[in-house]
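Peer 1: My questions will all concern the structure given below.
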Amino acid sequence: MNSSISVFEICIIAGVALLLIGIFCYILMKKNSKTPDSFLEILLRGQAELAGRLSQLSELNRQEQTQIANAINEQKLAMLKIMDEKLLAVTKSVGEGLQQSTNKTTETLHDLRERLAKIDVAQQKISSLSEQVVSLQEVLSNKQARGAFGEIQLNDLVTSILPPSAYAFQVIMSNQKRADCVLNLPNPPGTIVIDAKFPLESYQALRNAQNDREKTEAERFFRVSVLKHIKDISEKYIIVGETAESALMFLPSEAIYAELHAHFQDVVEASYRSKVWIVSPTTLMATLNTVRAILKDASMREQAGIIQKEVGVLVEDISRLDDRIENLSKHFEMASKDIGDIKISSGKISKRIKKIEDFELGEPIQTLSIEHQRTQD
């Protein structure tokens, strides 16, 4: 805007200067008396053109000022729009940040509530487990309940591995003794009896011994208890002609089993001599899996005749299938030969059609006698 005003001022100054030069020239020519009227007309016409030019410059200056004002207004509007957009973006960003912060806070509080709920559940489980431990201690402190505990564990192991036909519980033997579990195996070895024993009192005395005297007394007590169980099983559950030549004593505690084999080798050897095999939950599982394999093998032997018969029938079916495959192969060969002959005839027909086409086009063709061609066909 300032530059446009400066140009206008320069134009005015130039016009004034031209006017002064014209006046000076008029005075000079007046003195020389040379065509003053013509010069005056030229001067007046120049002034009029100058005035028109100045008017045009003024109009252009006004238009430029209007354009500059419009440009400034547009720039102001654009700046305001940009500022509004930036303010909106900042507001949106701040809102999103607050929303994310609120969501994170909500999630954190939700996780905290879940963890507190889990802690409450764990606390309840710990309380329940404490009650169960106390209850288990009460069960194990009673000799009869302790025996039932061993029988239940024995029942779970046997039923989870063997088929129902392979075992029976609480079976009364011919000597009127009740066996905890009986494994029905084919001869040999025959029926095997499993009896659950739990010498917990003697083991706890051994664990709680404070000095050498108490330890020696506890070892003697533990040895006597286990040897008595071995003797009872050998006398009650190994019956000639009714059971196998050996029986199993089930200890429902891995700790007692490990202590027995680690420090009481003489007791273990005594069980070997009495043909009473001592097993823990882990070793009983291995024994039961072996028993299952024996039962499967016995079942396979019983079904061997049926299997052999079925194999013979299967061999006959396979032989019949081979014959039918051979017949089908011969049919395929004949069909293949017929297809080859059809291809030969088709080729000859194509050649004859080609000769006919050549003849229609006016090209010389070599004819063959129909009889000769039929002979070739």
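Peer 1: Hey, rough spin-label estimate for GLU201 and LEU87, points 7 angstrom out along Cα→Cβ, what's it come to in nanometres?
Peer 2: Distance between the two pseudo-spin positions: 9.3 nm.
Peer 1: Beta carbons within 10 angstrom, averaged per residue: use that to sort the peptides 172-182, 278-288, highest first.
Peer 2: Working: 172-182: 14.8, 278-288: 17.5.
My ranking of the peptides, most packed first, is 278-288, 172-182.
Peer 1: Straight-line reach from LYS228: which lysines fall under 21 Å, measuring Cα to Cα and dropping same-chain residues less than 8 apart?
Peer 2: LYS143, LYS177, LYS197, LYS215, LYS236, LYS275
Peer 1: What spacing in nm lies between the two simple spin-label points modelled at THR290 and ASP317, each 7 Å away from Cα in the Cβ direction?
Peer 2: If labels sit at THR290 and ASP317, their model points lie 3.9 nm apart.
Peer 1: HIS263 to SER165: FRET efficiency via 1/(1 + (r/R0)^6), r the Cβ-Cβ distance, R0 41 Å, to the nearest 0.05? Spell out each step's value before the answer.
Peer 2: Numbers: r = 40 Å, r/R0 = 0.98.
Calculated value: 0.55.
Peer 1: I've got another one for you. LEU157: accessible area at probe 1.4 Å, nearest 10 Å²?
Peer 2: My reading of the accessible area for LEU157 is about 30 Å².
Peer 1: Taking a cut-off of 28 Å between Cα atoms, list the lysines near LYS309, but don't count ones fewer than 8 places away on the same chain.
Peer 2: LYS296
Peer 1: Evaluate the charge dipole of region 230-314 about its Cα centre and quote only its size in Debye, nearest 20, assuming +1 on the Cβ of each Lys and Arg and -1 on the Cβ of each Asp and Glu.
Peer 2: Around 280 debye, computed over region 230-314.
Peer 1: For the pair ARG220 and GLN123, what calculated FRET efficiency results from E = 1/(1 + (r/R0)^6), where r is the Cβ-Cβ distance and R0 = 35 Å, to the nearest 0.05? Kindly include the intermediate steps, with their values, before the conclusion.
Peer 2: Details: r = 45 Å, r/R0 = 1.28.
Once the sixth-power term is evaluated, E becomes 0.20.
Peer 1: Sequence neighbours fewer than 8 away in the same chain don't count; with that in mind, list the lysines whose C-alpha is under 20 Å from LYS337.
Peer 2: By straight Cα distance, LYS337 reaches LYS348.
Peer 1: Largest first and in whole Å, give the semi-axes of region 220-321's equivalent ellipsoid, each being the square root of 5 times a Cα gyration tensor eigenvalue.
Peer 2: Numbers: eigenvalues 407, 50, 14 Å².
Each semi-axis is the square root of five times an eigenvalue, giving 45, 16, 8 Å.
The values are calculated or read from the model by the stated rules, or taken from the named source; none is laboratory data. This one's a predicted model, so the numbers in the text were calculated from it and none came from an experiment. In this analysis, Cβ positions are derived from the backbone assuming ideal geometry, glycine residues included, and neighbour counts consider all displayed protein chains. Surface areas here come from the heavy atoms of the whole protein model, side chains and all, with no ligands, DNA or RNA. Shrake-Rupley method; radii C 1.70, N 1.55, O 1.52, S 1.80 Å.
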